[in-house]
């Protein structure tokens, strides 16, 4: 009997007869790779949002050599930037939204896509590091956004070729990007490393992304079927042909007609992200505790609120194998309540301690991360396999739409709030 070709990592002892149980001992590579890919893909996006306050301040102060603006203002005036951090949010999400919207309808040359994603992330870090104008800095943010959007759409689509648990490790990795990205930026700036050197240190991230994809992640053509039986496709060539045949069943018109059936996943996810990013980029920078400025000034408070939020995201995005939630609409409602709490805080400064704000922000992160991972985990189980690749490439557009709308709303709301007098805190 002729045995099928297997991956190089499988031993001869694993070539078992059909009908016997088989354990895929190489699956750890895919799971680990997808965690790293999630981390690296979202890292630059998170760093740009964490640096948003500093990027805006850098080119709106008299001294461009410092990232710290002048906060010497009368007691009754708010400490507001001329430009809201919502502007950075738009630069960080609109290009990503365009890429995510177009990607499912374009040819899926995955190696070309990932090379472009890594290259654009490198270029984005370099442009922001050496920017001598707001336009140049924004261009770097745009490139990082394009990288993140292209990578997310491609990696999620590509995940349909692997075990469904790569979705949970990918989501955990994206949550890890939140912690590592926001914390590394805040910590490096806090210990005195310049913004230029901070961005240059981060060039290692896209290099790690490429290594995870081309070295650690297995070629799906060499992986046995994803069930527990030792039934293998006859060869990598046959497998690839079968996949192409199955995907060819969806024409462009069929893809377009199928999109409305995905709204049950897209609308709740979009609302969750709309509410949470409206808070993060429209209200965070206006929450200020003057009584702690001797150890945490306003820019530092903004940065560490971002870290706190990302810790919540990481925990919830890593929890899908423990806690599964089907009612994403409920998370959208809770996130809307958070908007009300933060608007009240910004207007009245009713919270007596920043630690209470840290607690609410942590809860906000739990909701956002939980909505993300549970949406895609449900899809990996509920979407038919012949449509899964396409669906997993389309639904990420939903969170990008929500984030983009948050940026649009954040800027005028920020300007109106800045006109209000500075309230006293308790």
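Every number here is computed from the coordinates shown, using simple stated rules; none is lab data. As the structure is a prediction and not an experimental result, all values here were calculated from the model. Counting neighbours? That spans all protein chains shown, and the Cβs are built from the backbone with ideal geometry, glycine included.
With a/c under 1.5 counting as rounded, go ahead and sort the range 110-231 into rounded, prolate or oblate using the C-alpha gyration tensor (a ≥ b ≥ c being the square roots of the eigenvalues; past the cut-off, prolate if a/b is larger than b/c, else oblate).
prolate
Would you order 221, 80, 102 from fewest to most other beta-carbon atoms within 10 Å of each residue's own beta-carbon? Intermediate results must be reported in sequence, preceding the final value.
Numbers: 221 16, 80 19, 102 13.
Sorted ascending by nearby Cβ count, the order is 102, 221, 80.
What's the exposure ranking of 222, 144, 348, 375, going from fewest to most Cβ atoms within 10 Å?
In order of increasing Cβ crowding within 10 Å: 348, 222, 375, 144.
Please order 114, 292 by the number of other Cβ within 10 Å, starting at the fewest.
292, 114
How much of the calculated P(r) for the range 248-289 lies past 12 Å, in percent of all Cα pairs?
So the pairs more than 12 Å apart make up 70 percent of the total in the range 248-289.
Using the Kirkwood radius over C-alpha pairs as Rh, can you work out the diffusion coefficient of the range 310-426 via Stokes-Einstein at 10 °C, viscosity 1.306 mPa s, in µm² per second?
Taking Rh from Cα pairs, D becomes 97 µm²/s.
Need one number: nm distance between label points at residue 324 and residue 102, each 7 Å from Cα along Cα→Cβ, rounded to one decimal.
Output for this residue pair reads 3.7 nm.
Report, largest value first, the span of the C-alpha coordinates of the range 278-321 along each principal axis, in whole Å.
Here the Cα extents, ordered largest to smallest, are 42, 23, 12 Å.
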